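The values are calculated or read from the model by the stated rules, or taken from the named source; none is laboratory data. The shown structure was predicted, so the numbers you read here are calculated from the model rather than taken from an experiment. Heads up, the Cβs are rebuilt from the backbone with ideal geometry, glycines too, and the neighbour counts pull from every protein chain shown. Note: accessible area is taken over every heavy atom of the protein model, side chains too, but ligands, DNA and RNA are not part of it. Shrake-Rupley method; radii C 1.70, N 1.55, O 1.52, S 1.80 Å.
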Amino acid sequence: MAAQSFDVVVIGAGPGGYVAAIRAAQLGLSTAIIERENMGGICLNWGCIPTKAMLRSSEVFHLMHRAKEFGLKADGIDYDLPAVVKRSRGVAKQLSSGVSHLMKKNKITTIMGEATIPAKGKVSVKTDKGNEELTAKNIILATGARARELPGLEADGDLVWTYRHALTPPRMPKKLLVIGSGAIGIEFASFYNTLGCDTTVVEVMDRVLPVEDAEISAFAKKSFTKQGMKIMEKAMVKQLDRGKGTVTAHIEVGGKVQTEEFDTVISAVGIVGNVENLGLEALGVKIDRTHVVTDAFCRTGVEGLYAIGDIAGAPWLAHKASHEGVMVAELIAGKNNVHPVKPESIPGCTYCHPQVASVGYSEAKAKELGYDIKVGRFPFIGNGKAIALGEAEGMIKTVFDAKTGELLGAHMIGAEVTEMIQGYVVGRQLETTEEDLMHAVFPHPTISEAMHESVLDAYDRVIHI
């Protein structure tokens with residue numbers, strides 16, 4: 001059978017790959033996409049989306065316990081873990097089939113199978129029916145990443161889980177150890193802790209949520225501890241002894257090793273890129289610590305071969321992958337004015353309780369880069385809407401360049417901050433200054449008014465504290 005020929009072949013149908021394929025098709029390029037597992041990739045099926053569905057269940061459960069505060073009565077409050085999981089899986093399935101529909105709508109050829117690149121401009125796909133050969137002027141690698149497994153801490157699905165097991169738990173943990181306090185670790189810790197599980201989080205760095213501003217990390221730790229979580233920082237799990245229904249963890253903290261028993265361990269110690277078995281080395285693609293080395297425009301150095309999303313390195317975020325996908329499709333189509341995606345303009349959101357969101361530089365990073373800065377803060381306790389919602393725990397922090405008034409960074413913790421961060425993201429994109437933000441009229445009563453007050457505070461003009 002003659003090889004099918006395309007302008008663009010995308011390998012991987014996650015939020016990077018499927019978005020790249022849609023944009024390429026919109027620009028009139030003949031496009032094929034190859035996926036070995038689920039349309040929508042990890043994000044839609046095993047990551048961003050199903051975790052948010054589960055966290056929503058735990059959030060409602062938490063609120064039900066607070067019914068009395070709101071003048072309401074709720075007795076015999078309980079949860080049904082299989083039903084919580086079923087709802088989460090249903091949400092994921094709905095979105096995954098939505099991606100398949102978008103492929104059809106945009107007339108993109110979809111091939112389910114394992115792809116390799118035997119030579120420049122050629123893709124071979126191993127499908128259920130045999131091999132399919134494709135030729136392509138341009139190939140976009142969007143193969144994503146998977147959970148990193150540390151020696152001795154490997155998941156078994158019974159006592160030691162990865163995010164996949166944690167999303168479809170065989171049972172409710174009673175005593176849980178979460179290794180790693182990045183977004184994935186802390187979200188699962190938040191979910192299981194809210195449902196009443198005795199939860200311990202071990203973090204090797206000196207603070208939880210280590211990529212966040214130090215002040216936000218400290219606030220988060222206080223909140224988590226108040227909720228009954230045990231947080232161990234500057235700590236490392238050296239060994240797991242697996243018994244019958246229990247795991248003994250050897251945890252090194254402060255130079256001493258202590259042991260503790262748990263019935264479940266979730267390992268969330270980062271990710272590794274899916275770079276194997278594609279034929280990349282033979283093509284001359286440079287790989288550094290499981291990630292494909294690219295330039296700012298996601299070019300690999302091999303003509304016509306691009307890499308986007310998690311496989312191309314940090315930050316490992318779905319929205320970064322999608323933006324890179326659009327950028328590469330426009331580059332291939334010869335569009336003018338194509339801009340690289342700047343890491344510092346990408347917001348990060350963590351959906352623990354309370355939520356955490358940020359964009360740009362932390363206070364420490366801004367100082368390290370040599371900026372003379374002005375910093376503003378505003379607590380949720382000074383915001384009418386937050387108090388009315390019963391969500392007075394939170395704060396917003398803004399970092400400005402003292403010389404130019406440029407918004408260098410914004411950091412938030414509290415209710416709905418993952419929705420609000422976008423205000424500062426748009427502001428940074430439009431190269432806003434403190435003056436623009438001060439003159440903007442924020443609606444009352446909203447939690448977003450705290451964003452305005454934080455800016456005012458940086459310039460000693462705050463009203464409500």
For region 284-368 (alpha-carbon point model, no solvent) the Debye-based log₁₀ I(q)/I(0) at q = 0.16, 0.21 Å⁻¹ works out to -0.72, -1.03
For K365, the lysines lying under 20 Å Cα to Cα, once residues fewer than eight places off in the same chain are dropped, come out as K342, K374, K397, K403
In whole Å, largest first, the alpha carbons of the chain cover along the principal axes 70, 62, 48
Given unit charges at Cβ for Lys, Arg (+) and Asp, Glu (-), the dipole magnitude of region 182-254 about its Cα centre in debye, nearest 20, is 300 debye
Per the charge dipole of region 1-79 (beta-carbon charges, Lys/Arg positive, Asp/Glu negative, Cα centre), the residue among S57, I33, I11 reaching farthest to the positive end is S57
If every Lys and Arg gets +1 and every Asp and Glu gets -1 at its Cβ, then about the Cα centre the chain yields a dipole, in debye to the nearest 20, of 1040 debye
For region 65-111 the translational diffusion coefficient, Stokes-Einstein from a Kirkwood Rh over Cα pairs at 20 °C and viscosity 1.002 mPa s, in µm²/s, is roughly 151 µm²/s
Plugging the Cβ-Cβ distance of Q26 and K93 into 1/(1 + (r/R0)^6) at R0 = 45 Å yields, to the nearest 0.05, a FRET efficiency of 0.95
For 122-131, 335-344, ranked highest to lowest by mean beta-carbon neighbours within 10 Å, the order is 122-131, 335-344
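For region 137-219, what is the relative contact order in percent, using Cα pairs closer than 8 Å and at least 6 residues apart in sequence? Don't jump to the answer; show the numbers that get you there.
On the way: 69 pairs, mean separation 17.9, N = 83.
Once divided by the residue count of region 137-219, the mean separation gives 22 percent.
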Taking 290-298, 61-69 and ranking on average Cβ neighbours within 10 Å, highest first, one gets 290-298, 61-69
Filtering the chain for DSSP H helices with an axial alpha carbon extent of at least 15 Å and a Kyte-Doolittle mean of at least 0.5 returns 183-194
Highest mean packing first, using Cβ neighbours within 10 angstrom, the peptides 187-195, 426-434, 10-18 sort as 10-18, 187-195, 426-434
Convex hull around the C-alpha positions of region 82-134: the volume in Å³ per residue is 113 Å³
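Ignoring ligands, DNA and RNA, what percent of the accessible area of region 1-78 is carbon or sulfur (1.4 Å)?
53 percent
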The relative contact order of the chain, taking Cα pairs under 8 Å that sit 6 or more residues apart, comes to a percentage of 14 percent
To the nearest Å², the heavy-atom accessible area per residue of region 75-138 with 1.4 Å probe amounts to 65 Å²
Relative contact order of region 60-205 (C-alpha contacts under 8 Å, at least 6 apart) in percent is 14 percent
Filtered hits (aspartates and glutamates, Cα-Cα < 20 Å from K335, offset >= 8 within chain) -> D7, D295, E303, E324
For region 156-260, the accessible surface attributable to carbon and sulfur atoms (probe 1.4 angstrom, ligands and nucleic acids excluded) amounts in percent to 55 percent
Between the modelled labels at S345 and K52 (7 Å from Cα along Cα→Cβ) the distance in nm is 2.2 nm
Within the chain, the percent of DSSP beta bridges that are antiparallel, given to the nearest 5, stands at 60 percent
Projected onto the charge dipole of the chain (unit charges on the beta-carbon of Lys, Arg, Asp and Glu, signs +1, +1, -1, -1), the Cα from A218, T433, V462 with the largest positive-side position is that of A218
Rounded to whole Å², per residue accessible area for region 374-459 with a 1.4 Å probe reads 41 Å²
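Suppose R0 equals 30 Å; then what is the FRET efficiency for A214 and I463 from their Cβ-Cβ distance, rounded to the nearest 0.05?
So the FRET efficiency works out to roughly 0.65.
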Too long for a 30 Å Cα-Cα cut-off, among K93/K222; K175/K222; K93/K385, are K93/K222; K93/K385
The size of the Cβ-based charge dipole (Lys, Arg +1; Asp, Glu -1) of region 219-326 about the Cα centre, to the nearest 20 debye, is 600 debye
If each part is reduced to its alpha-carbon centroid, region 62-85 and region 284-338 end up apart, in Å, by 45 Å
